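This report concerns only the one structure given below.
The values are calculated or read from the model by the stated rules, or taken from the named source; none is laboratory data. Because the structure is predicted, anything quoted here is derived from the model rather than measured. Cβ: placed from backbone, ideal geometry, glycine included. Neighbour counts: every protein chain shown. Keep in mind that these areas ignore ligands, DNA and RNA; they rest on the heavy atoms of the full protein, side chains included. Shrake-Rupley method; radii C 1.70, N 1.55, O 1.52, S 1.80 Å.
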Amino acid sequence: MATTDIHVNTATHAHDDHSHDHGHEHHGNFWTNYIFSEDHKVIAKQFLITGIFWALIGGTLSVIFRLQLGFPDMNLEWLRPVLGGWITPEGKLDPEFYLALVTMHGTIMVFFVLTAGLSGTFSNFLIPLQIGARDMASGFMNMLSYWFFFVSSVIMFVSLFLQDGPAGGGWTIYPPLSALPQAIKGSGLGMTLWLVSMALFIASSLLGGINYISTIINIRTKGMSFTRMPLTVWAFFFTAIIGLLSFPVLFSAALLLIFDRSFGTSFFLSDIYIGGEALPNVGGSPILFQHLFWFLGHPEVYIVLLPALGLSSEIIATNARKPIFGYKAMIGSMLFIGILSFIVWAHHMFVTGMNPFLGSVFMLLTLIIAVPSAVKIFNYVTTLWQGNIKFTPAMLFSIGLVSFFLTGGITGIFLGNSAIDIQLHDTYFVVAHFHLVMGSASFFGMMAGVYHWFPKMFGRMMDNRLGYIHFWLTFVGVYLVFFPMHYIGIAGFPRRYYSWTNFETFSGFADLNMLVSGAAVITLTAQLIFIFNFFYSMWRGRVANANPWKSNTLEWTTPVNPGHGNWPGEIPNVYRWPYDYSKPGAKEDYIPQHIPYSETPESNLPHENELIKLESSGNDPIVVAKH
Amino acid sequence: MAEIKIIEEAKKPLAMNPRKFALWLFIVSVCMIFASLTSAYIVRQAEGNWFVFQLPGLFTTTTVMILLSSFTMHWAYVSAKKNNVEMVKTALVITAILGFGFLVGQFLAWGKLVEQNVHFVGNPSGSFVYVLSGLHGLHIVSGVVVLIVALVAAFRMQIHSKNMNLIEMCATYWHFLDVLWLYLFLFMLFNR
Ligand code: HEM
Ligand SMILES: [Cu+2]
């Protein structure tokens, strides 16, 4: 049993048991410090900046196609300088380009922004800082992970400028459409680059994920038992495991598709006639692709969501100044969601002609997901309940996440019913569902994370007032964009259609569509406030102190601008869970994780006093520190 | 400022060698690739229109070779534990040669498939055999590279009973590739 001599007034309760010497500052040149850095904090910022870049591109693409949907008669001639030939001589958007826009918007948002931009940023930044590690298990692999992502980004970006345009078969790239270059322009070179880019993206995700898991399990600081880990780290942990198990499957699907496209095999193709000519491919099955894709695709939506849930758990507890309600239930529900996410994929395929009995099985499994999801919402609300709530921008975004998770999750229960899905499949109802529950919820989680951890990332504070304006415009904007889509969807309005004005049934929705598009433009514009705030605060923001939110987790015990290695001295030890907020009897309303129970006799619960007693091996009285 | 004694221990959490652990995670992801491909095989087969043919006999020979190479790999590992560096080198060389021979054998087996008129392009039943064995072959290439890395380390006297990490990871990966092929071979044999 170790005993530690400490001085009452020093803040460090530290042991350094990691043999590798990162204690000293690393001084490299510009290249090793900012470009090919192996410091997890720099890599996190690289992911963040790249993610923000992609979010702007993805958002802009969506506004362009919303213009077409909301204002079908608008003359888009003014876009010609940017889009060139994609504007037809009549000043309209080229229909095939519309498909490419939808495809690229989905791909960019799901993979590049909400997977790489979110997990990449916050797993990298927070895992070592919150578990008390000097860096990731392998800094080199971590660096590779970013650079694979970077190259993948470059390839995807280049594909936007191809003569024939980028991929156009939807973010789900179903064959045969995506397999046949003859079918649409978007299945030509654009699709090839899409596949190459995604293969690199998968490699990047796996490198990152392996590192996250290995770091969390193996290099926690002393005292950081699993039940003392912040929920953020738990969320990143489950996310990484889900990714490790599902991304390889997408790789298989992409590989077989590449063979079909470029080598003439028939994994997914059979009996296809183009212009009256039969293709040589026989024996393939397009449904097989859907199975492979959605085996990744459904877990992927949780890869996108779980980190956001983890971030918001942490932020909500901190700013409600209350322990998170149901810590173990939160972990349990994430685990349960993670497991379930692998056995529900066929709810995306109810209308592919699958056996109705099989459909019922998947329906049952799908609906069960509502249970752990509801547990999470309940716990968020009970954490907020009677809290001493500090409405920081990060807190508002977290509460916004809870709201979207609820509204979007409820429509999932509709869609999960295989009979109702016959009507709703591939309509705007689905679009509304997943944009609220996945798109907006995760986006809000990401924003919350940026506002909350900005002081740790850049040593300065973001401007609160701009943050509030950003929040309210975005929050109201998102609901204005996606709520009306439920109605349009129930009416049967199909997604991915370029134009609907020719259909008598749908012309009644012109106003609603106009509203949606108008709101989309405003919401995107509101993001510029964030961009300004982000970059302005980076240089000019108020200088932060070491623990601006009075938070318990370990990252706030580092200096304001932590160097490579995170703690200049020894790594702090951990003595308690991360949610000792407003503990009765405590001097302050928070007790950071590195404060031992022996220093807080005034607030210890009986079993915590037992802990100290037990360890004092004998009858010596417990020594109480006087401050 | 009083000097006090605090008797509260922060327990060291469970920890393994992060690199070895990462290798196991990598193995898990490779398993998922092949699990998904073999399930795709079954799903596709169940849909009918499935061309049935004999697997080339050469696959049996290559299977024996890779099984043998697992023994020599283990031999290298045991020798390293006993600090018998010369033996480590010999065993690693034989393992690498067997691995290379396996690759050549797989390639010749593809030739036999072509002779049977089973091409990469054609009915998926044939394409799957190429994809499964080809992708596994690619992993064997990476395995041979790892073997060579270990061999270089052995020549630099960096492998001995106090420094087993590299050879342990090398052995784990190689045995995994062996078992993986065994699985694929039996899978293809029984799912004609
Ligand atoms: C109560 C829980 C949920 C249920 C029961 C549910 C159910 C469904 C169903 C049945 C569909 C297929 C609709 C169709 O295409 O006809 C669907 C689509 C989708 N869901 Fe959910 N969902 C739930 C929660 C979530 C969550 C939490 C996310 C993401 C974080 C999510 C993301 C998506 C996405 C991205 C799609 C559409 C994919 C596409 O076709 O492009 N869902 N959901
Ligand atoms: Cu799903």
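Structure data summary
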| item | result |
| --- | --- |
| Shielding of A:253-260 by partner chains, average beta-carbon count, 10 Å | 3 |
| Modelled label reach - B:V93, point 7 Å along Cα→Cβ, segment B:153-175 residues with backbone N closer than 13 Å | B:155 |
| Accessible surface of chain B, 1.4 Å probe, proportion on carbon and sulfur as whole % | 71 percent |
| Within 10 Å of each Cβ in A:221-234, the average number of Cβ atoms from other chains | 2 |
| Rounded FRET efficiency, nearest 0.05, which uses the C-beta distance separating B:N17 from A:N561 and R0 of 35 Å | 0.65 |
| Amide N proximity, segment A:484-501 versus A:V351 label position 7 Å along Cα-to-Cβ, cut-off under 14 Å | A:489-497 |
| For A:F268, distant residues with modelled amide H under 5 Å away | A:S285 |
| FRET efficiency, 1/(1 + (r/R0)^6) with R0 51 Å, evaluated for A:T227 and B:V104 via beta carbons | 0.45 |
| Cα long-axis angle, helix A:327-340 against chain A (0 to 90 degrees, to the nearest 10) | 30 degrees |
| Distance in nm between pseudo-label sites at A:F414 and A:F161 (7 Å out along the Cβ direction from Cα) | 4.3 nm |
| Segment A:524-531 - phi-based ³J(HN,Hα) in whole Hz, Karplus 6.51/-1.76/1.60, Gly and Pro as x | 5, 4, 4, 5, 5, 4, 5, 4 |
| Centroid-to-centroid separation of segment A:464-509 and segment B:14-92 [C-alpha atoms, Å] | 51 Å |
| Long-range HN-HN contacts of A:I595 with modeled amide H, under 5 Å | A:Y575 |
| Sum of -39500 (n - 2.57) over DSSP H runs of 4+, divided by residues of chain A (222 nm, nearest 500) | -18500 deg cm²/dmol |
| Chain lengthening between A:F535 and A:W147 when straightened (0.36 nm per residue, less Cα-Cα) | 137.4 nm |
| Mean separation of Cα contacts under 8 Å (6+ apart) over length of chain A, as relative contact order % | 17 percent |
| Inter-part distance where segment A:539-603 and segment A:206-238 are each reduced to a Cα centre, Å | 19 Å |
| Check: chain B dipole with +1 on Lys, Arg Cβ and -1 on Asp, Glu Cβ, in debye | 340 debye |
| Spin-label pair A:F71/B:T60, simplified geometry with 7 Å Cα→Cβ offset, distance in nm | 7.5 nm |
| Contact order normalised by residue count of segment B:50-185, Cα under 8 Å, 6+ apart, percent | 35 percent |
| At R0 = 35 Å, FRET efficiency that the Cβ-Cβ distance of A:H607 and B:S39 yields, to 0.05 | 0.15 |
| Amide hydrogen neighbours beyond the local backbone of B:N163, cut-off 5 Å, H modeled | none |
| Entries in A:K583/B:K11; A:K45/A:K222; A:K222/B:K89; A:K550/B:K20; B:K12/B:K162 that, when Cα-Cα distance is taken, lie over 30 Å | A:K222/B:K89; A:K550/B:K20 |
| Accessible surface buried once B binds A (1.4 Å probe; total of both sides; Å²) | 4400 Å² |
| Dimensions (Å) - segment A:125-213, Cα atoms, principal axes, largest first | 54, 22, 16 |
| Euclidean distance of C-alpha centroids, segment B:123-175 and segment A:339-371, integer Å | 39 Å |
| Estimated dipole of the protein assembly as shown in Debye, rounded to 20 [Cβ of Lys and Arg +1, of Asp and Glu -1, Cα centre] | 780 debye |
| The protein assembly as shown: C-alpha gyration tensor shape, a/c 1.5 cut-off, then a/b vs b/c | oblate |
| Pair A:A278, A:I343: separation of 7 Å Cα→Cβ label points (nm) | 4.3 nm |
| Loop-located trypsin sites (Lys or Arg not before Pro) in segment A:366-469 whose Cβ has at most 14 other Cβ within 10 Å (DSSP) | A:K390 |
